[in-house]
Amino acid sequence: MHDLEMKKRAQAALDKPAQYGPDVDLSRFTLIAPQESYQEDLSQLPAELSRQVLSAGIETGEKGRSGTYFQKNHSVIHCQIHQEGVEILTIDQALAKYDWLKDYYWKMIPPDQDKYTAWAYLNPHHGYFIRTRPGVKTLFPVQACLYMEQDNLVQNIHNIIIAEEESELDIITGCAARPRMRQGLHVGVSEFYIKKGARLTFTMIHNWAEEMDVRPRSAASVGPSGIFISNYVSMKPIHSLQMYPTTWLEGKDSLARYYNILVASRGSELDVGSRVILKAEGGRAEVVSRAISAGGNIRARGCLVGKEKDIKAHLECRGLILERGGMIQAIPELEGYLPGIDLSHEAAVGKIAQEEINYLMARGLPESEAIAAIVRGFLTVDIAGLPTELQAELNRVVEESEKTLL
Amino acid sequence: MLVIENLSVRLFNRIILHGVNLHIPAGEVHVLFGPNGSGKTTLLMTIMGFADYEVISGQIIFNGKDITNLPVYERAQAGLGLSFQRPPTIKGVKTQQMLEICNRHSQQDYRPLVEELNFQDFLGRDVNQGFSGGEIKRSELLQLLVQSPTLALLDEPESGVDLENIALIGRGINKLLRRQWPAEESAECRRKVREERKIGGLIITHTGYILDYVDADRGYVMMNGTIACQGNPREILRCIKEVGYEECVRCMI
């Protein structure tokens, strides 16, 4: 599609509400943010900011990281890689550098999908390009931080991630906002390309603020024997979040796993799904979500579409309601088009079983500690194929958030 | 050590126990027989203090202290330990974590116990998740061994256990209740071990098989929520085997 044509379509979609989630009035936000200065050394960032992004898995000391992309409001304040064969650029730099990148840019997500993608297309505020060259394995995860601190701002991000053939790429994306930031909108468009035999683990941790609205829009394409593991954690108060990322398993024997950990406190509205379209023989997919309502609303969606023989996929959604006033709705969907496919789901929404509390109390734990242990267990997902340091990071973040929850 | 006086208990609007009296002196092991639905488990659950079991009369005295209204965890901390007949699985809570919880007060190196019960491979698994009948009993026993209570309440420790595992369970129970003699080369005097042990036990058994492994001091038959009969546990078991619980019913009338 010609750029001009895309632009026209985007403009026409500026009032098009998203299929799901509460509608956000875009006129409330400003598109203008002052330029921030580049930070050679991230450890010089203010302590409060460092703490805030650390809760989202971002190490400003860059310890145990292969590289860092750091964006504050509309400015890229750091973009540095420490490993050969791994690239990290701003999306603008990358588009200028690689002519071929236009074949990846806005290819899986149409700009006119809804008003958020349209806005992001028309008003881009950077984003990152991360790529592993063929056969290269990241020694440590690459980290990308998207930070917002200006009230009433919108941050439109576009990211492209490419794991070339037989490469292994681990990414942590931490999104955070200044505590008690007044309203803000984050739109993040991400396109993931996992080539033949490559493996991408993408761990995204959200640590936004109470008045923020967040609309990630992401899609992934996985080639033959490719593996895509996506982990998503949102445990902090947020005004509204809606996303429904889609993975296309295009190549034979490819695999996708989604793990979502969601906590909605009072006033939070979360509508989060994961969709996997199994288009090639031997495809495997697993979608797991854990949702906790502490007074807020969660819609946990999931959709598996089986379009080729010998595919197998499972959807699991568990919800736990800790207090009155909130709601959890599990919406699993399975779509099969052929005989011989294997799609399944299980969903359960409930409260903590008294029997489990009794069991722990009989071992000497006071009731509050017993409940904490059960909630912690509920949120513990052992993610197959996740590098140990990422699992540890995930556990740390979940544990830290869970302390404030209880 | 445990004195139960005139205990009546209501569960979900039904009175299950009617004026139960029971006395377990320190260091003794008592066995509770009875048909299904006679109230055996209710008695154990009430001693442990679970919320659904409402004491409508009587009291429970443990080590001289009235624990009738104490919360469950305080009873556990005071030295009561319960092996569940059908414990729940708790997703994401590993067996290892359970042992750590049990070990909070006893603070012992429990690794040898894990090995003794051949449970190394289960530590990283969610507690009770997909465990077989025998594995559940071993898990329960291991947790109690780590917790090291002064009174162990065992709810049908042999049910669902295959022959291979029952000896292992039997040994574990004897170890828990200090009924395992010291090794022959040990200088420890067996009488001294017997006289000095403080830990008591109350074992529910439906089949009585556990008596092949554990020497009990006293037996009770529970019928329709009351203690119908008490005496030598082996004699009671022999009687039940010969004429069944019907005889006990006849006896009560």
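See the values below:
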read-out: Those residues of segment A:370-392 which are of a type in the set (Asp, Glu) and within 12 Å of another protein chain (Cβ to nearest Cβ), in sequence order; value: A:ASP382
read-out: Segment B:92-108, residues that are within 8 Å of chain A (Cβ to nearest Cβ) and either surrounded by fewer than 17 Cβ atoms within 10 Å (Cβ to Cβ) or in a helix (DSSP H, G or I) (or both); value: B:GLN97, B:MET98, B:ILE101, B:CYS102, B:ARG104, B:HIS105
read-out: Which listed residue is over 30 Å from A:LYS63 (Cα atoms) and in the same structural domain as A:ARG51 (by TED's automatic domain parsing), from A:ASN123, A:ASN207, A:ASN156; value: A:ASN123
read-out: Number of the condition not met by A:VAL375 [criteria: (1) farther than 23 Å from A:SER55 by Cα; (2) hydrophobic (A, V, I, L, M, F, W, C); (3) touching a residue at least 24 places away in the same chain (Cβ under 8 Å)]; value: (1)
read-out: Condition check for A:ALA18: within 26 Å of A:THR117 (Cβ to Cβ) and either surrounded by 13 or more Cβ atoms within 10 Å (Cβ to Cβ) or of a type in the set (Phe, Trp, Tyr) (or both); value: yes
read-out: Wholly within segment B:110-227, helices (runs of 4 or more DSSP H) carrying at least 3 residues that are within 16 Å of the chain's Cα centre (by Cα); value: B:133-147, B:163-176
read-out: Residue in segment A:212-219 that is among the acidic types (Asp, Glu), assigned to a strand (DSSP E or B) and either at pLDDT 95 or above or within 14 Å of the chain's Cα centre (by Cα) (or both) present; value: yes
read-out: Cβ pairs under 7 Å, 6+ apart, first in segment B:64-89 and within 11 Å of chain A (Cβ to nearest Cβ) and in a loop (DSSP other than H, G, I, E, B), second among the hydrophobic types (A, V, I, L, M, F, W, C) and buried (at least 18 other Cβ atoms within 10 Å of the Cβ); value: B:GLY79/B:LEU151; B:PRO87/B:ILE136; B:THR89/B:VAL127
read-out: Single residue of A:ALA291, A:ALA300, A:ALA285, A:ALA280 found to be touching a Cys at 6+ places or on another chain (Cβ under 6 Å) and aliphatic (A, V, I, L, M); value: A:ALA300
read-out: Odd one out for A:GLY61, checked against (1) touching a Gly at 6+ places or on another chain (Cβ under 8 Å); (2) without any contact (Cβ under 8 Å) to a residue 40 or more places away in the chain; (3) among the small types (Gly, Ala, Ser); value: (1)
read-out: Total residues in segment A:340-366, condition under 23 Å from the mean Cα position of the chain (by Cα) and not aliphatic (A, V, I, L, M); value: 2
read-out: The one condition in (1) surrounded by fewer than 23 Cβ atoms within 10 Å (Cβ to Cβ); (2) within 14 Å of chain A (Cβ to nearest Cβ); (3) within 30 Å of B:GLU247 (Cα to Cα) that B:HIS23 fails to fulfil; value: (2)
read-out: Selection count, segment A:170-209, where residues are under 19 Å from A:VAL233 (Cβ atoms) and assigned to a strand (DSSP E or B); value: 20
read-out: Residue in segment A:328-339 that is part of a helix (DSSP H, G or I) and either within 11 Å of chain B (Cβ to nearest Cβ) or within 22 Å of the chain's Cα centre (by Cα) (or both) present; value: no
read-out: Condition check for A:GLU399: away from every other protein chain (no Cβ under 11 Å) and farther than 30 Å from A:LYS309 by Cα; value: yes
read-out: Selection count, segment A:59-82, where residues are at pLDDT 90 or above, in contact with an Asp or Glu (Cβ under 7 Å, 6 or more places away or on another chain) and part of a loop (DSSP other than H, G, I, E, B); value: 2
read-out: Breaking point among (1) within 30 Å of B:ILE236 (Cβ to Cβ); (2) more than 12 Å from chain A (Cβ to nearest Cβ), for B:GLU116; value: (1)
read-out: Those residues of segment A:56-87 which are polar (S, T, N, Q), crowded, with 19+ Cβ neighbours inside 10 Å and farther than 20 Å from A:LEU200 by Cα, in sequence order; value: A:THR60, A:GLN71, A:ASN73
read-out: Residues that are facing chain B (nearest Cβ under 8 Å), surrounded by 17 or more Cβ atoms within 10 Å (Cβ to Cβ) and on the phi < 0 side of the Ramachandran plot, drawn from segment A:351-369; value: A:GLU356, A:ASN358, A:TYR359, A:LEU360, A:MET361, A:ALA362, A:ARG363, A:LEU365
read-out: Test: residue in segment B:48-61 that is modelled with pLDDT of 95 or more, within 8 Å of chain A (Cβ to nearest Cβ), within 29 Å of B:VAL20 (Cβ to Cβ) and assigned to a helix (DSSP H, G or I); value: yes
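Residues are listed down the side, and each one gets a yes or a no for (1) within 14 Å of another protein chain (Cβ to nearest Cβ); (2) free of Cβ contacts under 8 Å to residues at least 12 places away in the same chain:
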| position | (1), (2) |
| --- | --- |
| B:ASP155 | yes, no |
| B:GLY170 | no, no |
| B:SER186 | no, yes |
| B:ARG197 | no, no |
| B:ALA216 | no, no |
| B:CYS229 | no, no |
| B:GLY244 | no, yes |
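The values are calculated or read from the model by the stated rules, or taken from the named source; none is laboratory data. Everything quoted here is computed from the prediction, not taken from an experiment. Neighbour counts are summed over all protein chains in view; Cβ atoms, including those assigned to glycine, are modelled from backbone coordinates with ideal geometry.
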